[in-house]
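Below is one structure; the comments refer to it alone.
The values are calculated or read from the model by the stated rules, or taken from the named source; none is laboratory data. Since this is a predicted model, take the numbers as computed values, not measurements. Cβ coordinates were reconstructed from backbone atoms using ideal geometry, including for glycine residues, and neighbour counts include every protein chain displayed. The area values use the complete protein model at the heavy-atom level, side chains included, leaving out ligands, DNA and RNA. Shrake-Rupley method; radii C 1.70, N 1.55, O 1.52, S 1.80 Å.
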Amino acid sequence: MCGIVGLFLKDKALEPQLGAMLTDMLITMTDRGPDSAGIAIYSGAGKGLAKITVQSSEPAKAFKDLDGDLAAALGQPVTILIKDSHAVIELPLAQMEAARSALSHLRPGIKVMSAGEAIEIFKEVGLPKDVAARFQVAKMGGTHGIGHTRMATESAVTTMGAHPFSTGSDQCLVHNGSLSNHNGVRRELKRQGMTFETENDTEVGAAFISHKLKTGETLGNALEATLTDLDGFFTFVVGTKNGFGVVRDPIACKPAVMAETDQYVAFGSEYRALVNLPGIETARVWEPEPATVYFWER
């Protein structure tokens, strides 16, 4: 039993409030997942720039002089914003892959949470309210985001086991459920060149969708493919640079509710995650259908 939230803003006037709205939604789902929590926020880095969000269990040591060391390795200036155990590195988009390679040599212990033109992921062990406070998520703005509160069933309670999982540029996934064929799918994806950081079944779901997108599939088609190629019980919410998508398995035993107004589209594992959203009283509210793909993109 885990909790999922998602928010896609149509109204630009709400963008400065995205982090605050998502934080409130996430905290309401605490009893569905008190082990760990995470949020992905999408906000542009600026024209020609990218962002890499990294995490360290020893941030004081790992982040010390990292901007200078990385700039020297790339021959390009970088900026770093440190947020507790995470840091957001902003750099030229053309240098993103070179920077990831350099990081693995400069700071081998650092873990990459996400990379892309818009995405930032913050996740840690602990109660959702504490995780959100550590990273000051409520002060963040953006266009859309997804979040997760975890009750671990498939793997240990660790930072890397927390959701969202990001396995592609500007892509991430949160999941409520359990995949029964994840080991076989993981082996096949490894043969296709995908890499994995954990044994978590959710990372397999994320990598499956990333692989489909890499081969040229649309987000809608990638989500459709989960219904035939992944076994188990699942509700997936997927974030991309341009929007987010939702799909539930054909049995759909995991709870889910959505709401849409002229200002936003929202997702929650339960309706109480949505009750403080503006205009929720007049929103169109529905339960996503089993084996049906929903996605919104700008």
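Tally up the carbon and sulfur contribution to the accessible surface of region 45-117 as a whole percent, 1.4 Å probe, everything protein left in place. Could you put the intermediate results ahead of the total?
Values: 1880 of 3560 Å².
Carbon plus sulfur share of accessible area: 53 percent.
Can you give me the % of accessible surface on region 158-220 that is carbon or sulfur? Probe 1.4 Å, all protein chains present, nothing else counted.
Looking at region 158-220 in its full context, I get 45 percent from C and S.
Rg then Dmax, both in Å and based on the Cα atoms of region 45-117: 10.9, 32. Which value results for Rg/Rh of region 160-227 when Rg is the Cα radius of gyration and Rh the Kirkwood radius based on the inverse mean 1/r? Reported Rg/Rh, Kirkwood definition of Rh: 0.91. Computed over the chain with a Gaussian network model linking Cα atoms closer than 10 Å, the most mobile of 237, 285, 247 is 285. Under the criterion of Cα pairs below 8 Å and six or more residues apart, the relative contact order for the chain equals 24 percent. The residues of region 45-117 expose, per residue, 49 Å² of accessible area to a 1.4 Å probe. Extension gain for residue 104-residue 60 works out to 14.1 nm (0.36 nm per residue, less the C-alpha to C-alpha distance). Averaged over residues, the count of other Cβ atoms within 10 Å places the peptides 112-124, 214-226 in the sequence 112-124, 214-226, highest first. Quantify, in whole percent, the carbon and sulfur part of the accessible surface of region 1-44 (1.4 Å probe; protein heavy atoms only). Taking all protein chains in place, region 1-44 shows 59 percent carbon and sulfur surface. The lysines whose alpha-carbon is closer than 21 Å to the alpha-carbon of residue 190, local same-chain residues fewer than 8 away aside, are 111, 212, 214.
The packing ranking of peptides 56-64, 264-272, highest mean first, is 264-272, 56-64, where packing means the average number of other beta carbon atoms within 10 angstrom of each residue. As a size descriptor, the averaged projected area of the C-alpha convex hull of the chain was calculated at 14.0 nm².
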